[in-house]
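This report refers to the structure that appears directly beneath it.
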Amino acid sequence: MPQLNENFLKLEKNYLFINIAKKIKAYSDANPDADIIRMGIGDVTQPIAQCVIDAMKKGADEMAVKETFKGYEDSGAGYDFLKEAVSGYYSSFGVEIKPDEIRINDGAKCDCGNIVDIFGNDNVVLITDPAYPVYVDTNLMNGRRVIYADSNEQNSFAAMPDESVHADLIYLCSPNNPTGSVYTKDQLKEWISYAKKNNAIIIYDCAYEAFITEEDIPRSIFAVEGSRECAIEMCSLSKTAGFTGMRCGYTVIPDELTAKASDGSEVSISQLWGRRQGSKFNGVSYPVQCAAAAVFSEEGLKQTSENIKYYQQNAKVIASALDEMGIKYTGGKNSPYIWFKCPNNMSSWDFFDKLLSEANVVGTPGSGFGKNGEGWFRLTAFGDSERTKEAMERFKALKF
Ligand code: MLT
């Protein structure tokens, strides 16, 4: 009989968004006429830019012609044309990343979860709380010790390092999911200095960088000095260009990033990650990589920024409704997420139930992202604009 990895038995029975989907289904089965507005999971609703779809179609057509047909991509790390496009995108905001420091993947979630394969199970993992559940879950699955840095109202949901605590791996996310807060350059400098003192590696998730509106907020940790020796960065086209159903993202591991093996030798993290991917991942489909490269073309960036503006407008609608109701919130400005305090000191799940049953609006309970999320709630700006307005009208009409 196989032994189970019993670490899985210590996890919540379902992934957060599966739990929420089950609750919505139970409610809509019992109330088939309810007109439910979904502002829970951060999934996009606007169609992908036409020039991106045209590039994907062209890529698909090439697969039907003997001379241009593609099988496996040799390196598994992504086609050069896409890695060059990503590298060019970084240059556009002043960050120099070599194409060979980039590996193309099927979205940030997979790499965020899988990167732990290359690190030993005795590492101490530091995660800001609240956090995207993938960071915590994937480390608990391997039985690692997870410690938390509190993000709360006092620090505007931007946790900072505690010098008295040691960590080997550090997860940071900016713009943050779920709180919408962002790290400034100075704050990232502190994290980099903490990582260096501890010989730690930062796993930096910037999946929402395209939503940054403030000029001086870094779009990449590599915009901050010293980061190349201590950070891995993960980004995705899911939110930037509406790829939640297409699946494409990228991970950047600088050449300088190394860690010491137990025999004292210096090991390249990029080499180790490449080795892991070589055995466990066969790359992203050619047509999707063609589409992804088109996102970074002049026309692609222009067209995709229209969708981002659309969502930013939704964020304003949500924020101004909360302002009107006198509810405290963060996010919305540099992020598609708005994170607010549940009215009347309600618990996150009680408020979820009230919002669903009395307004037929779905959001995400803050406590699903960690203990500091209790009493807080997340709405996404990724919805349809009319439905977002309607949802906020229903919210304002609630009686407490
Ligand atoms: C979320 O709602 O937090 C998102 O779905 C995250 C993701 O893209 O997996």
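Would you check if there is a residue in the stretch 57-67 being touching a residue at least 24 places away in the same chain (Cβ under 8 Å) and assigned to a loop (DSSP other than H, G, I, E, B)?
Among the residues of the stretch 57-67, at least one is touching a residue at least 24 places away in the same chain (Cβ under 8 Å) and assigned to a loop (DSSP other than H, G, I, E, B), which makes the answer yes.
Going through the stretch 25-42 one residue at a time, which ones are open to solvent by 70 Å² or more (accessible area, probe 1.4 Å) and within 16 Å of the ligand (Cβ to nearest atom)?
Across the stretch 25-42, the qualifying residues are Arg38, Ile41.
Considering only the stretch 97-134, state which residues are in a loop (DSSP other than H, G, I, E, B), within 23 Å of Val165 (Cα to Cα) and within 14 Å of the ligand (Cβ to nearest atom).
Result: Pro130, Ala131, Tyr132.
Mind checking which residues of the stretch 143-157 are within 21 Å of the chain's Cα centre (by Cα), touching a residue at least 24 places away in the same chain (Cβ under 8 Å) and open to solvent by 10 Å² or more (accessible area, probe 1.4 Å)?
Tyr148, Asp150, Asn152, Ser156
Inside the stretch 135-147, can you point out the residues that are of a type in the set (Val, Ile, Thr), more than 16 Å from the ligand (Cβ to nearest atom) and under 27 Å from Gln271 (Cβ atoms)?
Matches in the stretch 135-147: Val146 only.
Which of the strands (runs of 3 or more DSSP E) found entirely inside the stretch 171-267 contain at least 1 residues meeting this: open to solvent by less than 10 Å² (accessible area, probe 1.4 Å) and either without any contact (Cβ under 8 Å) to a residue 24 or more places away in the chain or away from the ligand (no atom under 16 Å from the Cβ) (or both)?
The strands (runs of 3 or more DSSP E) meeting that bar are 201-205, 231-236, 249-252.
Output the residue which, of all residues in the stretch 135-147 that are assigned to a helix (DSSP H, G or I) and aliphatic (A, V, I, L, M), is farthest from Gly370 (Cα to Cα).
Leu140
Would you check which residues across the stretch 339-368 are in a helix (DSSP H, G or I), small (Gly, Ala, Ser) and open to solvent by 20 Å² or more (accessible area, probe 1.4 Å) and list them?
Within the stretch 339-368, Ser357, Ser367, Gly368 qualify.
Within the stretch 280-296, is even one residue closer than 16 Å to Phe119 by Cα and either crowded, with 20+ Cβ neighbours inside 10 Å or in contact (Cβ under 8 Å) with a residue 12 or more places away in the chain (or both)?
yes
Can you pull out the residues in the stretch 170-221 that are in contact with a strand residue (DSSP E or B) (Cβ under 6 Å, 6 or more places away or on another chain), within 23 Å of Leu301 (Cβ to Cβ) and among the β-branched types (Val, Ile, Thr)?
Result: Ile221, single match.
Suppose we filter the stretch 369-400 for residues that are at pLDDT below 95 and either buried (at least 21 other Cβ atoms within 10 Å of the Cβ) or hydrophobic (A, V, I, L, M, F, W, C) (or both); how many remain?
Residues in the stretch 369-400 being at pLDDT below 95 and either buried (at least 21 other Cβ atoms within 10 Å of the Cβ) or hydrophobic (A, V, I, L, M, F, W, C) (or both): 1 in total.
With respect to Glu96, determine if the residue is out of contact with any helix residue (DSSP H, G or I) (no Cβ under 6 Å at 6 or more places or on another chain), open to solvent by 10 Å² or more (accessible area, probe 1.4 Å) and over 22 Å from Gly42 (Cβ atoms).
Answer is yes for this residue.
Of everything in the stretch 112-142 that's among the charged types (D, E, K, R) and under 18 Å from Tyr15 (Cβ atoms), which residue is least open to solvent (accessible area, probe 1.4 Å)?
Out of the qualifying residues, it is Asp129.
Out of all the residues in the stretch 148-163, is one or more of a type in the set (Gly, Ala, Ser) and either within 16 Å of the ligand (Cβ to nearest atom) or not in a loop (DSSP other than H, G, I, E, B) (or both)?
For the stretch 148-163, residues of a type in the set (Gly, Ala, Ser) and either within 16 Å of the ligand (Cβ to nearest atom) or not in a loop (DSSP other than H, G, I, E, B) (or both): present.
Do we find that Lys66 is within 28 Å of Thr388 (Cα to Cα) and either open to solvent by 40 Å² or more (accessible area, probe 1.4 Å) or touching a helix residue (DSSP H, G or I) at 6+ places or on another chain (Cβ under 7 Å) (or both) in this structure?
Taking the combined requirement at face value, the residue does not satisfy it.
The values are calculated or read from the model by the stated rules, or taken from the named source; none is laboratory data. Predicted, not measured: the structure shown is a model, and the values here were computed from it. Ideal geometry is used to build each Cβ from the backbone, glycine not excepted, and the neighbour counts take in all protein chains shown. Heavy atoms of the whole protein, side chains included, go into the accessibility calculation; ligands, DNA and RNA do not. Shrake-Rupley method; radii C 1.70, N 1.55, O 1.52, S 1.80 Å.
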